[in-house]
Amino acid sequence: MTATAGDRDTQLHEAGLDGQNRTALGRLLGTGNVGHAEEGSDGVMRATVRIPEDELIFDPSILVFPHGGEVELTLINDDKNTHCAVLPNNGDPKIIWLVNHSKGIARLNLGGPGTYYYGSTTGNDEGRGLTAALVFGGEVPDSAKIDRPPQPRP
Amino acid sequence: MTDYVDAGEAVPHKTLSATKGSAPATSDVNYERIQNARSEPENWLTYYGTYDGQRHSALDQINRENVKRLSPAWVFQAGSAGLHSGASTYSFESSPLVVEGVMYVSGPEGKLWAIDATTGEELWRYKHASPYDVSLCCGNVNRGVAVGHGKVYLYTLNAHLIALDAQTGDLVFDVVNGDVRAGESGTVAPLIVKDKVIVGSSGGEFGLRGHLDAFDAQTGERQWRCYTIPKPGEPGSETWPDDGEAWQRGGANCWVTPTYDPELELLYQGTGNPAPDFDGGVRPGDNLYTDSTIAVDVNTGEIRWHYQFTPHDLWDYDSTMENVLFDAPDGRKLLAHADKNGYFFVLDRTNGELVRVFPFVDRITWGEITPDGKVTPKVYPDEEGVPVHFWPGPAGGKEWTHMAYSPRTGLIYVPVQEVGATATRRRREFKESIPYWGAGVAVDLDDHYGFVAAIDPLTGEEKWRWRNEYPMCSSTLTTGGGLVFQGTPTGEFVALDEETGEKLWSFQCGSGHHSSPSTYSVDGRQYVAVPTGWGGWIEGFLPGLLGAAAGDALFVFALPEA
């Protein structure tokens, strides 16, 4: 076995893991772009996610939010096939059907910190690459913390 | 290119289902009613059925004579889809509650349903979103809900206490109560007492400082927090190193619902293992209040007394499991506790005095406890890198799954696990959110078995046992029909004769049992409900069945209608 070190994008590309039907059948999950949501003056965190043509990926595939709370995603399908998104949400997951060349919106409430995944639950879109992450940073409120001195973290 | 097609707005998944969206109104479940839950056996109002934890119902329509005709009335499939936290470890561990024909049951992954208890029709659902990366020491599980004050209460994997409207499932409040960055989580079924909702911490393998909390049932405001590891200078702190940091991450979590005595106004809470589990060198002393029963004043959160079952634990012998309250024939108020360490304890629940202790498993090698309660450790991982085998293993002679008492026989029916383990001490530094065991542990893949033991708590005598090829990993239930119900790890749900242990009936549910069955009646027809779905911390309690079929179905049984 040989292992490589260095630029991860280059490694993934050279290994044929960053696209459709190269080394693998689909695209390795978690290999897309990283994006950051913007928090509006109303406290809602907004971002846009697109599905590019023939890539079977949500772009960005990793969306970072500063903390848990109200989220508004604009979802755009630029592909020439139909997809959808089933998204985590407190109360019940939400689903939106995205026909070719369509645009919609998802309003979500999610707690943080923590990571949630969502996907296009049609065909095997999720396995091919249409699985993406919503990552919430921040800390829990002080009232939820343990009464003890600060502890070391990894 | 033309303008985009308008895809509209994402809608809740449940709108694309047959879920009705509301449940019929029921009469209010308040403190008085829960105190008298035994008087309305048609309902299962609280986690153990009654505050005393006896898990007994007086319902007797299904009995020893007719149980052979017991058949499925309906099945509810919880379902599982997509990536979710603890995907490999989800387990349906709940105990269904029933109020006037409406069942409230929680599943793994933050799910909660109201179901028609006669037909299985889904009335409403709620799913709390659980982060994929929340630290779960022992599975993607939830042990149940509390119902009362017009609400349903759930403690979520990411340690939120949420309250829902019991009729609609709409969110009433959501309070963050634990630090997921510290490895804290929530799995316990809440308990309603007076105007309070009680929950405790999960995360025993992550070096927390355990706690039990009471919240205002209407507003979600925390009324008190009881830490189960004392700070320096507090009572019990002398059992921790006075020059170290061990107490700050000492463990003693409260991940199983307490029982409660309304006359004494005391909660009986079992506490979890110390941290690190197996490396006692970093925490010399008895390490109070780990591995204990603590009697907590429900009004103030103060600890009134404690009894520690395994001082300075080196085997991961949590004592979180239930404390069953019962009275002796002379009226003495007693408490029964079958500990992971393989010994069965009977205490005076007014003061914590030891009444009786005796072994309830066949193989105990870790140490010995004399009849007067003296504890002598014998085998433990004290040398770095040297494997040590001991019985019972870290899942214990009895895990969290509950025993049941029958006032008809005076016996307690205990699900017993006979599984050993090998631990090799490996010291490590503490870091928040990283498992803090202090050892490598391998639980035995073979040489295991189990049984249901019928034990007289007044004498310690085992009246009978029903032996099973595999350890028993689910809760027992006793009924007025003279039956003891028990699920097996291989999927059978069995009914035993309370007097003899004879197996009278069984049904193969298709996946192992790791839950707490309950019983109820509607319009004069008795039902028995049991969630099935093999999972949780299998590598700890029965790794020999790590490859067994998963599942997530709730089975409900009844006698055929005439």
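A few points about this structure:
- Nearest-10 value in Å² for the accessible area of B:Thr187, using the 1.4 Å probe: 10
- In segment B:10-44, burial by the other protein chains removes 10 Å² or more of accessible area from B:Ala10, B:Val11, B:Pro12, B:His13, B:Lys14, B:Leu16, compared with the chain on its own (1.4 Å probe, ligands and nucleic acids ignored).
- Legend: mean number of C-beta atoms from other chains within 10 angstrom of residue C-beta atoms, peptide B:181-187, equals 3.
- Placing unit charges on the Cβ atoms only, positive for Lys and Arg and negative for Asp and Glu, gives the protein assembly as shown a dipole magnitude near 580 debye about its Cα centre.
- Protein accessible area in chain A, 1.4 Å probe - carbon and sulfur %: 50
- The reciprocal of the average 1/r between distinct C-alpha atoms defines the Kirkwood hydrodynamic radius, which for segment B:32-558 equals 22.4 Å.
- The calculated P(r) of segment B:272-383, using every Cα pair and 10 Å bins from 0, goes 14, 45, 31, 9, 1 in percent.
- Computed from label points 7 Å out along Cα-Cβ, the spacing between A:Arg46 and B:Arg304 is 5.7 nm.
- Protein-only accessible surface at a 1.4 angstrom probe places the residues B:Asp286, A:Asp142 in the order A:Asp142, B:Asp286, largest first.
- Per-residue average of Cβ from other chains inside 10 Å of A:133-140: 3
- If you sort B:Asp362, A:Asp92 by accessible surface, 1.4 Å probe, largest first, the order is B:Asp362, A:Asp92.
- For B:Met103, the accessible area of its heavy atoms, probed at 1.4 Å with every protein chain present, is near 0 square angstrom.
- Note on A:Thr23: accessible area approximately 100 square angstrom, rounded to 10, probe 1.4 Å, nucleic acids and ligands left out.
- Two-site FRET efficiency, A:Asn109 against B:Glu263, from Cβ-Cβ distance with R₀ of 41 Å, rounded to 0.05: 0.45
- Rolling a 1.4 Å probe over the heavy atoms of the protein chains gives the protein assembly as shown an accessible area of 35 Å² per residue.
- Percent accessible area from carbon and sulfur atoms, segment B:32-558, protein chains only, probe 1.4 Å: 47
- In loop segments of segment B:215-263 as defined by DSSP, the GluC sites (Glu not before Pro) with at most 15 further C-beta atoms inside 10 Å of their C-beta are B:Glu221, B:Glu263.
- Here chain A was treated as a single set of alpha-carbon atoms; its pair distances binned every 5 Å from 0 give 2, 9, 16, 19, 17, 13, 11, 7, 4, 2, 0, 0 percent.
- Label separation (A:Glu53 vs B:Thr370): 8.6 nm, computed from points 7 Å beyond Cα along the C-beta direction.
- Spin-label pair A:Asn81-B:Arg69: with each label point 7 Å from Cα along the Cα-Cβ axis, the two points sit 5.6 nm from one another.
- Tail weight of P(r) past 23 Å, computed on alpha-carbon pairs of segment B:214-342, percent: 34
- Each Lys or Arg adds one and each Asp or Glu subtracts one; over the other residues with Cβ under 13 Å from the Cβ of A:Gln20, this totals -3.
- Violating pairs (Cα-Cα greater than 31 angstrom) within the set A:Lys145/B:Lys14; B:Lys151/B:Lys463; B:Lys127/B:Lys194; B:Lys196/B:Lys333: A:Lys145/B:Lys14; B:Lys151/B:Lys463
- Total charge dipole magnitude, segment B:32-558, about the Cα centre, Cβ charges on Lys, Arg, Asp, Glu only, Debye to nearest 20: 520
- Accessible surface ranking that places the most exposed of B:Arg181, A:Arg8, B:Arg349, B:Arg33 first, with a 1.4 angstrom probe: A:Arg8, B:Arg181, B:Arg33, B:Arg349
- Accessible surface buried upon A-B contact (total; probe 1.4 Å; Å², nearest 100): 4000
- For the protein assembly as shown, the Cα gyration tensor yields ellipsoid semi-axes of 42, 31, 24 Å (square root of five times each eigenvalue, largest first, whole Å).
The values are calculated or read from the model by the stated rules, or taken from the named source; none is laboratory data. The structure presented is a predicted model; accordingly, all values stated were derived computationally and were not measured. A quick note on method: Cβ atoms are made from the backbone with ideal geometry, for glycine too, and the neighbour counts reach across all protein chains shown. Side chains are part of the model used for accessible areas, which takes the heavy atoms of the whole protein and leaves out ligands, DNA and RNA. Shrake-Rupley method; radii C 1.70, N 1.55, O 1.52, S 1.80 Å.
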